[in-house]
Amino acid sequence: MSHAEVLIAAQPAPPKTVTKLSKARIAGYFFLTLWAILGISLLAMIISGWDVDKLETYGPRLLHGLWITVKLVATSFILGAILSIPLAFARMSSNKILSTLTYCYVYLFRGTPLLAQIFMVYYGFPSFRWFFEDIGLWWFFKDPFYCGVFAMTLNTAAYQTEIVRGAIQSVPKGQREAASALGIHTWIAFRKIIIPQALIVALRPYGNEIILLIKSSATVSIITVFDLMGETRYAFSRTYDYQIYLWAAIFYLVIVELMRNGWARMEGGLTRHLKR
């Protein structure tokens, strides 16, 4: 058995590594300081320009506009989700005509601005008023809120169609083959094997889509829908106080952050079995 006969003398601590400030680090500190100054200045302006009378006058209108925005986004997203399911299957169909028509729809609504689509519905459909009166739908298309819902539904349905299609096609083909080999019915295999895996893939794109829909919903204010942005424009036209827009931006930021964190929590709960 060996043993040490001579103790190793104590060694000095290694010299501290001097970290040099790189250009990227200096630029990062500069912009971080700039944003901090802007944030503090913005907060100081809000506090110094606080007007209780304006808050009492236009606060309820902004809250009402916030409710209209939530209702508009929720209705459009849900209807778009329902519409996207058959469209996704049509997009994946082996029928060339059906697949091509669905592709054209998706290409058109994803390739053109939402504002142009809203204008087409709100200003274009009244040209066919006689037709909509004959089929009993003029009550729907004469209301700017319903026109906004209709245009936003068609727009988000196009995006959600691609989300659903991509999620379903991301499931390995072997899953279907294994289910078929076990004698599982196609519909049961799709409902209990394919769809659960596809939904996990689609969760994050769905979250991104609903956040984009919240922010783009402000465009409906141009067609006289008094959502959050519409009420903000009305308040500004009466007060000419830019802080009205600042409060609207804060409302939108709060909605987006609540949605983002809530969606992330839901996604984490549904995918906890995938974490190691």
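The values are calculated or read from the model by the stated rules, or taken from the named source; none is laboratory data. Please read all numbers here as calculations on a predicted model, not as lab measurements. Virtual Cβ from ideal backbone geometry, glycine too; neighbours counted across all protein chains shown. For accessibility, only protein heavy atoms count, side chains too; no ligands or nucleic acids. Shrake-Rupley method; radii C 1.70, N 1.55, O 1.52, S 1.80 Å.
Ordering I214, I255, I135 by how much accessible area each has at a 1.4 Å probe, largest first, what is the list? Mind showing how you got there, number by number?
Details: I214 5, I255 35, I135 90 Å².
Ranking I214, I255, I135 by accessible area, largest first, yields I135, I255, I214.
What is the distance in Å between the Cα centres of the stretch 199-241 and the stretch 125-182?
The stretch 199-241 and the stretch 125-182 have Cα centres spaced 20 Å from each other.
Go through F109, T232, S22 and say which Cα lies farthest out towards the positive end of the charge dipole of the chain; charges sit on Cβ, +1 for Lys and Arg, -1 for Asp and Glu.
It is S22, whose Cα lies furthest towards the positive end.
Name the most mobile residue of L42, L83, L199, meaning the one with the largest mean-square fluctuation, in a Gaussian network model of the chain with Cα contacts below 10 Å.
L42
Using 0.36 nm per residue, how much length does the chain from H64 to F89 gain when fully extended, once their Cα-Cα distance is taken away?
5.2 nm
Using a 10 Å cut-off on Cβ atoms, rank the peptides 90-98, 144-152 from the highest mean neighbour count down.
144-152, 90-98
Please identify which residues in the stretch 143-164 have an amide N closer than 17 Å to a label point set 7 Å out from the Cα of A116, following the Cα→Cβ vector.
Inside the label zone: 151-152, 154-156, 158-159.
Per DSSP helix of 4 or more residues, -39500 (n - 2.57); summed, then divided by the residues of the chain. What does that give at 222 nm, rounded to the nearest 500?
Values: 12 runs with 200 residues, N = 276.
For the chain, the value works out to -24000 deg cm²/dmol.
With charges set only on the Cβ (+1 for Lys and Arg, -1 for Asp and Glu), what does the dipole of the chain come to about its Cα centre, in debye to the nearest 20?
Here the chain has a charge dipole of around 1000 debye.
So for the chain, Kirkwood radius off the Cα pairs, Stokes-Einstein at 10 °C and 1.306 mPa s: how many µm² s⁻¹?
For the chosen part, D equals 67 µm²/s.
Can you check what the net charge comes to around I184, using other residues whose Cβ is under 14 Å from the Cβ of I184 (Lys, Arg +1; Asp, Glu -1)?
After counting each charged neighbour, the total is +2.
Measure off 7 Å from each Cα along the Cα-to-Cβ vector at A13 and R238, then give the distance between these two points in nanometres to one decimal.
A separation of 6.6 nm, rounded to one decimal place.
K192 versus L137, label points 7 Å from Cα toward the beta carbon: distance in nm?
About 4.0 nm, to one decimal.
Roughly to the nearest percent, how much of the accessible area of the chain is carbon and sulfur, given a 1.4 Å probe?
Exposed carbon and sulfur together represent 69 percent of the surface.
Accessible area per residue, 1.4 Å probe, Å², for the chain: what's the number?
Per residue, the chain has an accessible area of 67 Å².
Based on the Cβ-Cβ distance from A249 to R204, what FRET efficiency comes out when R0 is 35 Å, to the nearest 0.05?
On the way: r = 25 Å, r/R0 = 0.71.
Once rounded, the FRET efficiency stands at 0.90.
As I understand it, the dipole of the stretch 70-151 uses +1 on the Cβ of Lys and Arg and -1 on the Cβ of Asp and Glu, about the Cα centre. Which of S93, F77, V149 lies farthest toward its positive end?
Sorting the options by dipole projection puts first S93.
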